[in-house]
């Protein structure tokens, strides 16, 4: 129904407007008695073989929703009914910000991809906290945190610490987003020495809490082998809990979409099917180079059960979907989990 009827209709309209419309639709429909239970029966798959025990957390299944979809933590309770094992909210910044000027979200339908330059648009830390207080405990929640666009380089760490300390009681794990191509002044965040400093400060803050939360780093898919070697060394040095591979890409090679169309769109991070192989290569390289020394969450181009299995076979412990969820609909999560059960039983 989604791919045959809803998607063709929704894809006729502006992507950002559709996003807001879809949120309102899911929220309002979920208020109807019996509808959440209906969604759970339709989409959720429960089986012991799907459970994953990582960084002290028990995930009921390994399929998560990536950051960027529920930025302000307003729909995670309703989205949980679609069968996800975990949902990552954010990116959250200390202060709310509008992000980059519109139009900033573009579909590449011929490539099953999306280009976005949203620019960390979100309502800010306090708004996210108020929403997370409504958590019904249905599944694991991750907190993806970043800096405000206008923050001076000398204050980057303060931004991350503000979000970390504020969200700590309300999320199950953290992601340091240092690889988004859509926020200015990111050069410092790609510097290894600064990353060590940032991670160290966040870990110090973590240790002030009675219960420590896992901390992961989200990296770009465009890193070369030398840079990936540095990531492996960075995780080893700082004892990070894991890595998310990967964020969106700035590479435009191999697209079916015309050069004229891409030029008209302009800058932004590319997600979806076009970055599937690049993301999988990064996962495999990190897993092989480190000899699976740390957990990896694989994301990028997961549009089918086969795509998910590829990521897992490459070395991912969990996977996340975003663009695939938009193109394929909620049945994608169910199909992945059913394939994982079949694989475990074979």
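When residues of region 254-293 are filtered for being touching a helix residue (DSSP H, G or I) at 6+ places or on another chain (Cβ under 8 Å), crowded, with 22+ Cβ neighbours inside 10 Å and not in a helix (DSSP H, G or I), how many remain?
Residues in region 254-293 being touching a helix residue (DSSP H, G or I) at 6+ places or on another chain (Cβ under 8 Å), crowded, with 22+ Cβ neighbours inside 10 Å and not in a helix (DSSP H, G or I): 2 in total.
Tell me the residue from 49, 30 that is touching a residue at least 60 places away in the same chain (Cβ under 8 Å) and over 23 Å from the mean Cα position of the chain (by Cα), please.
On the way: 30 fails: touching a residue at least 60 places away in the same chain (Cβ under 8 Å).
Going through 49, 30 in turn, the sole match is 49.
When region 15-38 is examined, which residues are found to be over 19 Å from residue 73 (Cβ atoms) and surrounded by 15 or more Cβ atoms within 10 Å (Cβ to Cβ)?
Correct list: 15, 18, 35.
Tell me whether region 143-150 contains one or more residues that are touching a helix residue (DSSP H, G or I) at 6+ places or on another chain (Cβ under 6 Å) and modelled with pLDDT under 95.
no
With respect to residue 99, is the statement that it is closer than 17 Å to residue 145 by Cα, surrounded by fewer than 20 Cβ atoms within 10 Å (Cβ to Cβ) and out of contact with any strand residue (DSSP E or B) (no Cβ under 7 Å at 6 or more places or on another chain) true?
Yes: the conditions hold for residue 99.
Scan (1) in contact (Cβ under 8 Å) with a residue 60 or more places away in the chain; (2) assigned to a helix (DSSP H, G or I); (3) within 25 Å of residue 91 (Cβ to Cβ) for the single condition residue 307 breaks and write down its number.
Checking residue 307 against (1) in contact (Cβ under 8 Å) with a residue 60 or more places away in the chain; (2) assigned to a helix (DSSP H, G or I); (3) within 25 Å of residue 91 (Cβ to Cβ), the one that fails is (1).
Can you tell me how many residues in region 47-56 are touching a helix residue (DSSP H, G or I) at 6+ places or on another chain (Cβ under 7 Å) and part of a loop (DSSP other than H, G, I, E, B)?
The initial filter retains those residues of region 47-56 that are touching a helix residue (DSSP H, G or I) at 6+ places or on another chain (Cβ under 7 Å), namely 47, 49-50.
Filter once more, keeping what is part of a loop (DSSP other than H, G, I, E, B): 47.
The number of residues fulfilling the criteria is 1.
What number of residues within region 192-221 satisfy the criterion of being surrounded by fewer than 18 Cβ atoms within 10 Å (Cβ to Cβ), under 22 Å from the mean Cα position of the chain (by Cα) and assigned to a loop (DSSP other than H, G, I, E, B)?
1
Out of the residues in region 332-346 that are touching a residue at least 40 places away in the same chain (Cβ under 8 Å) and closer than 13 Å to residue 84 by Cβ, which is surrounded by the fewest Cβ atoms within 10 Å (Cβ to Cβ)?
334
Out of 106, 59, report the one residue that is under 30 Å from residue 168 (Cα atoms), buried (at least 17 other Cβ atoms within 10 Å of the Cβ) and touching a helix residue (DSSP H, G or I) at 6+ places or on another chain (Cβ under 9 Å).
That would be 59, the only listed residue that is under 30 Å from residue 168 (Cα atoms), buried (at least 17 other Cβ atoms within 10 Å of the Cβ) and touching a helix residue (DSSP H, G or I) at 6+ places or on another chain (Cβ under 9 Å).
Each row is one residue, and each column tells you yes or no for (1) within 20 Å of the chain's Cα centre (by Cα); (2) free of Cβ contacts under 8 Å to residues at least 60 places away in the same chain; (3) within 28 Å of residue 107 (Cβ to Cβ).
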site: 240; (1), (2), (3): yes, yes, no
site: 244; (1), (2), (3): yes, no, yes
site: 251; (1), (2), (3): yes, yes, yes
site: 265; (1), (2), (3): no, no, yes
site: 269; (1), (2), (3): yes, no, yes
site: 272; (1), (2), (3): yes, no, yes
site: 277; (1), (2), (3): yes, yes, yes
site: 290; (1), (2), (3): no, yes, no
site: 299; (1), (2), (3): yes, no, yes
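Exactly one condition in (1) within 27 Å of residue 127 (Cα to Cα); (2) not in a loop (DSSP other than H, G, I, E, B) is not met by residue 38; state its number.
Checking residue 38 against (1) within 27 Å of residue 127 (Cα to Cα); (2) not in a loop (DSSP other than H, G, I, E, B), the one that fails is (1).
Please tell me if residue 316 is buried (at least 18 other Cβ atoms within 10 Å of the Cβ) and assigned to a loop (DSSP other than H, G, I, E, B).
Yes: the conditions hold for residue 316.
Can you pull out the residues in region 122-148 that are under 19 Å from residue 19 (Cα atoms) and buried (at least 20 other Cβ atoms within 10 Å of the Cβ)?
Residues satisfying the conditions are 122, 128.
Suppose we keep only residues that are farther than 24 Å from residue 29 by Cβ and touching a helix residue (DSSP H, G or I) at 6+ places or on another chain (Cβ under 6 Å) within region 83-96. Which one would you say is surrounded by the fewest Cβ atoms within 10 Å (Cβ to Cβ)?
94
Here is a list of conditions, (1) assigned to a helix (DSSP H, G or I); (2) touching a helix residue (DSSP H, G or I) at 6+ places or on another chain (Cβ under 7 Å); (3) buried (at least 22 other Cβ atoms within 10 Å of the Cβ), and residue 80 meets all of them except one; can you say which number that is?
So residue 80 meets the others, but not (2).
The values are calculated or read from the model by the stated rules, or taken from the named source; none is laboratory data. Just so it is clear, the structure is predicted and the values come from calculations on it, not from any experiment. No Cβ is skipped: glycine too gets one built from the backbone with ideal geometry, and neighbour counts run over all protein chains shown.
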